[in-house]
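Trainee: Dumping the structure here so I can ask a few things about it.
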Amino acid sequence: MISRAKDRFTLIGYDRDGRVIYGLTERHKYSDRWWVYVCPVCDSETAFECADFKKHAVSNFSNLMYPDQQAVEREAAPHLTDENAFLDFYCQGCNSVVRTYYHYEPTGERRGGCLELKVVVERSETTAKPC
């Protein structure tokens with residue numbers, strides 16, 4: 001399933017002027033500095049720091065098993081525009097595959113760049129074994 005990041009994350013980025021771009025408005029158990037993903041299947045919350053996205057922006061590393069990587073890439077390809085990075089993981093609650101594509105520009109003074117989450121790909125069929 002393809003979703004907009006603002007429908008899955010509490011924060012979705014910083015614009016070129018350093019202003020915060022918000023997504024979900026529901027309360028969550030993390031502080032406002034965290035970027036919280038809320039799973040639509042099991043309502044589990046997974047939190048990230050901005051540094052997590054910046055680290056993945058310069059890497060093609062995937063946390064997914066290869067068959068899951070391939071399935072996500074095929075599904076996402078027609079929906080991508082200017083995204084130049086991704087971060088992926090398995091939901092801790094239901095083991096669904098989640099990959100977030102985002103755009104990152106390491107320019108700007110305030111927060112070290114412009115970062116905006118764009119597209120989230122979610123798949124409940126996974127090759128990973130549940131914990």
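Trainee: Step through the residues of the stretch 87-104 one at a time and calculate ³J(HN,Hα) from phi using the Karplus curve (6.51 cos²θ - 1.76 cosθ + 1.60, θ = phi - 60°), rounding each to whole Hz and writing x for Gly and Pro.
Mentor: Ordered by residue, 3J(HN,Hα) equals 9, 9, 6, 9, 4, 6, x, 10, 6, 5, 7, 9, 10, 10, 9, 8, 10, 10 Hz.
Trainee: Now for a different question. What number comes out for the charge environment of PRO40, summing +1 per Lys or Arg and -1 per Asp or Glu over other residues with Cβ under 9 Å away?
Mentor: Taking every Cβ under 9 Å from that of PRO40, the sum is -2.
Trainee: Taking a virtual spin label 7 Å from the Cα of ALA47 along the C-beta vector, which residues in the stretch 1-27 bring their backbone nitrogen under 18 Å of it?
Mentor: Flagged as within label range: 8-13, 22-27.
Trainee: What does the net charge come to around HIS103 if you take all other residues with beta carbon closer than 13 Å to its beta carbon, with K and R at +1 and D and E at -1?
Mentor: Result for the neighbourhood of HIS103: -2.
Trainee: Counting helices only, and only those DSSP H runs with n ≥ 4, report the 222 nm mean residue ellipticity of the chain as the sum of -39,500 (n - 2.57) divided by its residues, in deg cm²/dmol to the nearest 500.
Mentor: Mean residue ellipticity, 222 nm, calculated: -4000 deg cm²/dmol.
Trainee: On to the next question. Pulled fully out, how much extra length does the chain show between TYR22 and MET1, if you take 0.36 nm times their separation in residues and subtract their Cα-Cα distance?
Mentor: Value of the extension gain: 5.4 nm.
Trainee: Further, regarding this structure: What number comes out for accessible area per residue over the chain if the probe is 1.4 Å? Units Å², please.
Mentor: Averaged over the residues of the chain, the accessible area is 57 Å².
Trainee: Ignoring ligands, DNA and RNA, what percent of the accessible area of the chain is carbon or sulfur (1.4 Å)?
Mentor: 49 percent
Trainee: A further question on this structure: Any number yet on Rg/Rh for the chain, C-alpha, Kirkwood?
Mentor: That ratio equals 0.95.
Trainee: Order 81-92, 52-63 from most to least packed using the mean count of other Cβ atoms within 10 Å.
Mentor: Ranking, from highest mean packing down: 81-92, 52-63.
Trainee: Here is a follow-up. What GluC sites (Glu not before Pro) in the stretch 9-82 are in a loop by DSSP, with at most 14 other Cβ atoms within 10 Å of the Cβ?
Mentor: Loop-located and lightly packed - GLU26, GLU49.
The values are calculated or read from the model by the stated rules, or taken from the named source; none is laboratory data. As the structure is a prediction and not an experimental result, all values here were calculated from the model. Cβ coordinates were reconstructed from backbone atoms using ideal geometry, including for glycine residues, and neighbour counts include every protein chain displayed. Surface areas here come from the heavy atoms of the whole protein model, side chains and all, with no ligands, DNA or RNA. Shrake-Rupley method; radii C 1.70, N 1.55, O 1.52, S 1.80 Å.
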